[in-house]
Amino acid sequence: MIMKKLSLIIMLLCGTWFAKAQVFWFENWTSCSCDSLCTSYTGPNGAWAITNIGTQGAAANVWYFSYKEQGLGRNACGSAIGTRASAHVGNVSASPNAALLCPYGDCGALNDDAPSTTFTKTRLESPVINCTGKSHITLSFNYILKGDTAHDYATVWYFNGTAWTQINKPAQTPPICPGFPVSPGLWTYDTISLPSSADNNPNVKIGFLWYNDTSATADNNLDYPSFAIDSIALSSSVPMGISSMNAGNGVVSLYPNPNNGVFQIAGSQQLLANSQIEIYNMLGEKVYSHYQITTPSEYQIDLSSQPAGIYLFRVITETGYLIGEGKFEIIH
């Protein structure tokens, strides 16, 4: 314990406390308030686009943004109960096999992949992401996925401002969750390093493509799950440091600084919701911890009972991403 506290102090003095990947862009569909059948989404980052790559079948699967497939944390089983939307691929009402399980379309990540009319090759594309000042960028996300890996699958794409490039083909997620008639799938975490052309690039986009060629004889009719995605993050692995007493990293900030022990943690609702704040003194002792931040854009903390001195703070999302850190001073 003594060594752990000593290491914390050394990292502070070196200006690299909790030096790890730091999120600078995040999407978890918080602006979605759709129960089902919504095929477009505009959130805090801007509008997401859907691009059909070539000719689609007359009853092609589509991307939905709705509560029918809950956007849950890693190691959670798929569910349609709640108000945490995800982006997911589903069948349409005109699918030949829709009447079997999903006659109206959008029953979560459930697709129809049997006849040629359901041929699908469509890509979900992010708004432009400004990566200026960032390097060694990593893309991470939670997802569920099933299908014949040669005929029904998902791929991850990257846009450098000029052209799209496929950068990954995620593995199927474990079919271990109870469900009828088949497992709804397990939310799983994946991470991918973006090409170096993303470094300091103001025109980056990321994409998720669903492909279904309808020809796999062992994988026909309705499939559950197809593909769903949530908690998409871009992070930079280069430590930002906290040498300045102007606490924060531009994503999350603390003010006023210095203060009398009463101060605010501020950031976007999208990031602060369901995150945890931790505050440490210079001995490495945790003096404050709070989870489930629900205030729209800031959270007030009262540490007026703590002695004057330098303190450290960090903010961590529910999925373990560090989104803010810094140091501040209490003056009585």
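The values are calculated or read from the model by the stated rules, or taken from the named source; none is laboratory data. Note that the structure is a prediction, hence the values are computed from the model and not measured. Neighbour counts run over all protein chains shown; Cβ positions are idealised from the backbone, glycine included. Remember, those area values only see protein heavy atoms, side chains included, never the ligands or the DNA or RNA. Shrake-Rupley method; radii C 1.70, N 1.55, O 1.52, S 1.80 Å.
Quick notes on this one:
- Candidate set: the stretch 147-163, residues that are more than 21 Å from the chain's Cα centre (by Cα) and at pLDDT 95 or above; chosen: the one nearest to residue 205 (Cα to Cα): 161
- Considering the stretch 91-138, and only residues there that are open to solvent by 70 Å² or more (accessible area, probe 1.4 Å) and assigned to a helix (DSSP H, G or I), the residue that is farthest from residue 225 (Cα to Cα) turns out to be 116.
- Of the numbered criteria (1) open to solvent by 20 Å² or more (accessible area, probe 1.4 Å); (2) touching a residue at least 40 places away in the same chain (Cβ under 8 Å); (3) assigned to a strand (DSSP E or B), the one residue 75 fails is (3).
- Those residues of the stretch 160-190 which are under 27 Å from residue 62 (Cβ atoms), hydroxyl-bearing (Ser, Thr, Tyr) and surrounded by fewer than 16 Cβ atoms within 10 Å (Cβ to Cβ), in sequence order: 165, 189
- Filter pass, residue 87 being among the small types (Gly, Ala, Ser) and surrounded by 24 or more Cβ atoms within 10 Å (Cβ to Cβ): yes
- Residue count, the stretch 196-215 (criterion: closer than 21 Å to residue 49 by Cβ and out of contact with any Cys (no Cβ under 8 Å at 6 or more places or on another chain)): 10
- Residue 288 of a type in the set (Ser, Thr, Tyr), at pLDDT 85 or above and assigned to a strand (DSSP E or B): yes
- In the stretch 291-313, the residue that is most open to solvent (accessible area, probe 1.4 Å) out of those that are in a strand (DSSP E or B), at pLDDT 85 or above and farther than 9 Å from residue 261 by Cβ is 300.
- Residue match in the stretch 59-67 (condition: exposed (fewer than 13 other Cβ atoms within 10 Å of the Cβ) and small (Gly, Ala, Ser)): no
- Summed over the stretch 306-332, the residues that are closer than 21 Å to residue 276 by Cβ and of a type in the set (Gly, Ala, Ser) give a count of 3.
- The condition (being closer than 19 Å to residue 112 by Cα and part of a strand (DSSP E or B)) is satisfied by just one residue among 189, 153: 153.
- Residue list for the stretch 139-150, restricted to those being buried (at least 17 other Cβ atoms within 10 Å of the Cβ) and either part of a loop (DSSP other than H, G, I, E, B) or among the acidic types (Asp, Glu) (or both): 146, 147, 148
- Unique match (being more than 23 Å from the chain's Cα centre (by Cα) and touching a residue at least 24 places away in the same chain (Cβ under 8 Å)) among 96, 103: 96
Condition check ((1) aromatic (Phe, Trp, Tyr); (2) closer than 22 Å to residue 186 by Cα) across all residues:
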site: 36; (1), (2): no, yes
site: 59; (1), (2): no, no
site: 64; (1), (2): yes, yes
site: 81; (1), (2): no, yes
site: 84; (1), (2): no, yes
site: 111; (1), (2): no, yes
site: 128; (1), (2): no, no
site: 131; (1), (2): no, no
site: 136; (1), (2): no, no
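- Pairing each residue of the stretch 291-302 that is farther than 16 Å from residue 324 by Cβ and among the charged types (D, E, K, R) with any residue that is modelled with pLDDT of 65 or more and part of a strand (DSSP E or B), provided the two are 6+ apart or on different chains, yields C-beta distances under 9 Å for 302/262; 302/263.
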